[in-house]
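The values are calculated or read from the model by the stated rules, or taken from the named source; none is laboratory data. The shown structure was predicted, so the numbers you read here are calculated from the model rather than taken from an experiment. Every residue, glycine among them, receives a Cβ derived from its backbone with ideal geometry; neighbour counts consider all protein chains shown. To get the accessible areas, we keep the full protein, side chains included, count just its heavy atoms, and leave off ligands, DNA and RNA. Shrake-Rupley method; radii C 1.70, N 1.55, O 1.52, S 1.80 Å.
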Amino acid sequence: MKKHAAFLLAGALTLGACSLPDTPTVDTDIEQSAAADTLEDTDTTENHFGFSTKVANPNDGEGENDNIAYKMNLQVAADAISRFSASLPGIENVSTVVTDEEVLISYQVAQDYDHEMDPNEMADQVKKNALSVIPRWYHVYVTDDPNLRVNVESIAQTHLNDGDMEDAIASTIKLMRESSPQGYPIDEGENANGETKDEENDMAEEDIDLAPAAMDIPAAKSLDA
């Protein structure tokens, strides 16, 4: 399970090819959708859809497309997930971290929320909001444990090498799954986090350090000062 924390600063939440000559791009911007109510009226004949049409290329099977890289803007994705989740009834605040493979969400239920909801149902709603934003291969982990909010936020705020960041993420995921409901299974082949049985077994077999360096926010910030 690879983790690349540097992707937290990657380019637009748009599926776009790298800037190579003659390489088509398809742009979709969820930020524009989220801010649609603030936009001035524009020409209704002009849309902002993504569209592409291609003719079969006989060289596709010979590695011609190997250098085309598609990227997603992780910052925009995290912002969209937090915005959508915070709009759910009873949710007071949300913190979201999006890596290249996982989404980690910490949410808090408002103390004055009158309507009773099963905690697993609430977790499922938060998770489904994330799944509506990210590509299908992602795994989503949620927590309503206020003690784990610092873990989620510290992953984005601290600067760790790849190995330490991988440990911090794996540790936080383990704690989230142990302390908080994760919602219902996504389908018959995937658990509540979107993991297949093999992926779930691989994670269970990992030797995870439960005291990751990312938890030490004050120390990390003092190093940056």
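Structure above, values below:
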item: Residue count, segment 139-149 (criterion: open to solvent by less than 40 Å² (accessible area, probe 1.4 Å) and either over 13 Å from the mean Cα position of the chain (by Cα) or modelled with pLDDT under 95 (or both)); result: 3
item: Near pairs, Cβ below 7 angstrom, 6+ apart or cross-chain, from segment 102-129 (in contact (Cβ under 8 Å) with a residue 60 or more places away in the chain and over 13 Å from residue 91 (Cα atoms)) to any residue that is part of a helix (DSSP H, G or I) and hydroxyl-bearing (Ser, Thr, Tyr); result: 104/172
item: Single residue of segment 186-199 satisfying the filter (surrounded by 14 or more Cβ atoms within 10 Å (Cβ to Cβ) and out of contact with any Ser or Thr (no Cβ under 8 Å at 6 or more places or on another chain)) that is farthest from residue 134 (Cα to Cα); result: 199
item: Any chance residue 152 is in contact with a Leu (Cβ under 6 Å, 6 or more places away or on another chain), closer than 12 Å to residue 105 by Cα, crowded, with 17+ Cβ neighbours inside 10 Å and in contact (Cβ under 8 Å) with a residue 12 or more places away in the chain; result: yes
item: Single residue of segment 77-102 satisfying the filter (open to solvent by 20 Å² or more (accessible area, probe 1.4 Å) and of a type in the set (A, V, I, L, M)) that is nearest to residue 122 (Cα to Cα); result: 88
